[in-house]
Amino acid sequence: MTYCVGLRLNAGLVLLSDTRTNAGLDNISTYRKMFTFQEPGERVIVMMTAGNLSVTQTTLARLQEAIDDVDATHETSILKAENMLAVATIVGEMLSRVTAETRTRMDRMEQAASASMIVAGQRKGGQMRLFLIYPEGNFIEATEDTPYLQIGEHKYGKPILDRVITVNTPLVDAKKAALLSMDSTLRSNLSVGMPLDLVVIEADTMRIAEQRRISANDEDFAAMSAAWSQALRDAFTQIG
């Protein structure tokens, strides 16, 4: 399983994913779940994936083939699409096709073939947008009322986002909330694991402002996790 979260704020986008994939307790691996595409100053797109690894890898491979195609058009390539809604449509259609193809084969073996994706970004002249794309290809979008979207093991990391995040949250606080959301998930679910991938995009820049991998021995993340645990313990003891 996995956990990915994306936040769309007035100040920009914050995206965070883990890297754990498991096919049973004795088959745990690390695979990147976050993928970035950008033409700095023109457009930036980030995708995060959860679910069947075969489906997500095939979907991303075909999207990359469409980008590299010399005959690519705004209807086939996410780097030529007219806006982020068109990007979400292209990704959704591709995910739906790959899911259907894979499901036909895997149904014979009584295995599941399902995946979902988060797609976020901005094109020059357009708005920042954040979408959750379902296996069938349909999608929903983050709004002012709910400015974040999650895929994978989302229940453990949701409470802090509900209590803290609004569209007016500064990027530095949003990044902290996303990391603490992930920390809560890491503590409660063994199917989510380090390292983590983090991307921050400032509004209207059409470029990645921060991108880094957070390893299991990252001192800053460990200190944040310890401080959050202590703050929760202190708050618990102070409640009468």
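The values are calculated or read from the model by the stated rules, or taken from the named source; none is laboratory data. The structure displayed is predicted, hence computed values, not measured ones. Counting neighbours? That spans all protein chains shown, and the Cβs are built from the backbone with ideal geometry, glycine included.
Take the residues of the range 63-113 that are small (Gly, Ala, Ser), modelled with pLDDT of 95 or more and surrounded by fewer than 18 Cβ atoms within 10 Å (Cβ to Cβ): which is farthest from the chain's Cα centre (by Cα)?
At the first step, the residues of the range 63-113 found to be small (Gly, Ala, Ser) are 66, 72, 77, 81, 86, 88, 92, 96, 100, 112-113.
Those left that are additionally modelled with pLDDT of 95 or more: 66, 72, 77, 81, 86, 88, 92, 96.
Of the ones still in play, those that are also surrounded by fewer than 18 Cβ atoms within 10 Å (Cβ to Cβ) are 72, 86, 96.
Details: Ala72: 26, Ala86: 18, Ser96: 18 Å.
This residue is Ala72.
Here is a yes/no grid of residues against (1) in a loop (DSSP other than H, G, I, E, B); (2) β-branched (Val, Ile, Thr):
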| residue | (1), (2) |
| --- | --- |
| Glu144 | yes, no |
| Ile151 | no, yes |
| Ile160 | no, yes |
| Leu179 | no, no |
| Met182 | no, no |
| Arg187 | no, no |
| Met194 | yes, no |
| Thr205 | yes, yes |
| Asn217 | yes, no |
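Looking at (1) assigned to a strand (DSSP E or B); (2) over 23 Å from Gln122 (Cβ atoms); (3) of a type outside the set (S, T, N, Q), find the lone condition where Val70 falls short.
Val70 satisfies every listed condition except (1).
Of the conditions (1) buried (at least 17 other Cβ atoms within 10 Å of the Cβ); (2) closer than 26 Å to Leu85 by Cβ; (3) in contact with a strand residue (DSSP E or B) (Cβ under 9 Å, 6 or more places away or on another chain), Gly137 satisfies every one except a single condition; which number is it?
(3)
Would you mind telling me which numbered condition in (1) touching a residue at least 40 places away in the same chain (Cβ under 8 Å); (2) surrounded by fewer than 20 Cβ atoms within 10 Å (Cβ to Cβ) Arg163 fails?
(1)
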